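A short write-up of the structure that comes next.
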Amino acid sequence: MAQGEEKIVVEQVALEAVANQLRQTLPFAETNFADLIGIGPVDRVRVPAGAIVKETWAPNHAYAVVLEGEMRADRPEPDGSRSTVSIARKGQGFGEAPMLIGKKHSPMIIEAVQDTLLVRFSEEDFWKLMACCPNFRKVVQEDMAQRLQAYQVEALHREKLISLGTLAAGLMHELHNPGSAAKRASSQLRNNLLRLQQLSLRFSDEPKTPVQLECMRSLLEHTMNGCHLPAMSTIEQSDAEEAMSDWLGAAGVDNAFSIAPALVGIGLTKEELQCAKDAFNPTSFSDSLNWLEALVSSVTLVCTIEESITRISDLVMAVKKFAYDEKSPSRQIDVHDSLQSTLTILGHKLRIKGIHVEKQFEAEPSVIHTRGSSLSQVWTNLIDNALDASPANAKIRIATWIEPATDGPDSLAVSIEDHGSGIAPETLPHIFEAFFTTKPLGSGTGLGLEIVHRIVTQKFGGAIEVKSEPGETRFIVRLPLDAIDCGKCVLPKH
């Protein structure tokens, strides 16, 4: 007994002493106590409000019925918080779950919400009551079913929140980088536009000949198409910038050293600039190239802003696909698109660990017709687990292909492979069980793979298997290409 032990009063009494009160409760409403031979004595327990009963129920299990007051059972979470699993009010029972599912120890924290009077039965007496009392058995089974259903819904919701929370830190970095780049570029663009206006006013003082206008028009057309040029190596770029700087300096161009990188970056060469050198006098040539550099720099900054906003838009779309996962009755899902969205969200975490993702998307078609949802959560759990299992600078391989079926619809297979230490043979049969985890305390809920298994098999009518040996672990998910009646569509085991 934990906190409040001195306040909890336990009195051992005969069953007959509490029979009248038990008749007012749901489990014993139709019970003939004269037939309950060999049951008892029982414990009459008074628990003051706020008192926590813990070890009282362990290691020996017990079933309790609330005569007065209210009791609450909480599950401690890895982060130190508590999740309410069930509440037992006057006339209700609790404590059946660990015994019915075969748990040797219940981790629940049982607390009195109000001053409570309850009757506690030993595990031996509980099983006797289950055997001899149909109404008691019915109420207990209904309570167990309701609590299990509520717990599964809460566990699925909590696991999804945990997945989103795990991704939040990476997403902050993913959004911060392009956001900062766009902010810097817009600030520089404002300065460039002011400089461009000043140079334009000075450059327009003298009338231009048709040759000069044609030369500048040609250079402007080149500039406007320079956003997506092939990247040069560092050495190539450095050599080109140095050669351009020397050429501009020899031609008497002001700021030759500072404008050369922008002109090279947009793809201009000395040969293309020669027309301006031939058409303008030295002063006008210098002004024309400084004006051109200001324009080139502005176009480059606009390209940076465009790329940054596109990156942010892609991230928002990936998060939207993950979080909301369309709920239409029947729909088409592009599995390749779903995988890529998940990789986009996990991009920061992959880069931190130096993980290279090798994609072999060979499934054609890559679209499945289904009523299932939450597929992104499957990929997130499997890829995140592969990432955790992989050493730094390792490789994760994701492959897709079509598997023809002899009976029923063809299936689209997805393989996610890592090169970590592998899964121990004695662990392998249990990895899809709820609350089973090999991660350190506080690092895993033990629900991820159980939820993955449930989504794949129940929502999509698919199958999942795992193959593991030291240095290689592969999870293979098989989804029917056309599984509108997914409840009837169960793929054969491979």
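The values are calculated or read from the model by the stated rules, or taken from the named source; none is laboratory data. Treat the numbers as computed from the prediction; the structure is a model and nothing was measured. Cβ atoms come from the backbone with ideal geometry, glycine included; neighbour counts cover every protein chain shown. These area figures cover heavy atoms from the full protein model, side chains too; ligands, DNA and RNA do not enter into them. Shrake-Rupley method; radii C 1.70, N 1.55, O 1.52, S 1.80 Å.
Here are a few things to note about the model shown:
- Rough spin-label spacing in nm, given labels placed 7 Å along Cα→Cβ, for residue 224 and residue 402: 4.4 nm
- Per-residue Karplus couplings for the range 293-310, computed as 6.51 cos²θ - 1.76 cosθ + 1.60 with θ equal to phi - 60°, are listed in order as 5, 4, 5, 4, 4, 5, 4, 4, 5, 4, 4, 4, 5, 4, 5, 5, 5, 4 Hz, Gly and Pro entered as x.
- If the chain linking residue 246 and residue 172 were pulled fully straight, counting 0.36 nm for each residue of separation and taking away their Cα-Cα distance, it would gain 22.3 nm.
- Ordering 252, 188, 284 by Cα displacement along the dipole of the range 181-297 toward the positive end leaves 188 in first place; charges were set at the Cβ atoms of Lys, Arg (+1) and Asp, Glu (-1).
- Cα gyration tensor, the range 84-134 - rounded (a/c under 1.5), prolate or oblate: oblate
- Note on residue 302 and residue 424: with the Förster distance fixed at 56 Å, the Cβ-Cβ geometry gives a FRET efficiency of about 0.50.
- For the range 325-405, convex hull volume per residue from C-alpha positions, Å³: 93 Å³
- Listed peptides 42-48, 291-297 by packing density, highest first (mean Cβ within 10 Å): 291-297, 42-48
- Projecting label points 7 angstrom from Cα along Cα→Cβ for residue 353 and residue 197 puts them 5.2 nm apart.
- Placing dummy labels 7 Å off each Cα toward the beta-carbon, the span from residue 9 to residue 77 is 3.7 nm.
- Members of 353/395; 359/395; 208/270; 320/395; 395/467 lying beyond 19 Å, as alpha-carbon distances in this model show: 208/270; 320/395
- The local environment of residue 219, defined by Cβ-Cβ distances under 15 Å, has a net charge of -3 under the rule Lys, Arg +1 and Asp, Glu -1.
- Accessible area per residue was computed with a 1.4 Å probe on protein heavy atoms; residue 127 scores about 110 Å².
- FRET efficiency for residue 313 and residue 369, using Cβ-Cβ distance with R0 set to 30 Å, rounded to 0.05: 0.60
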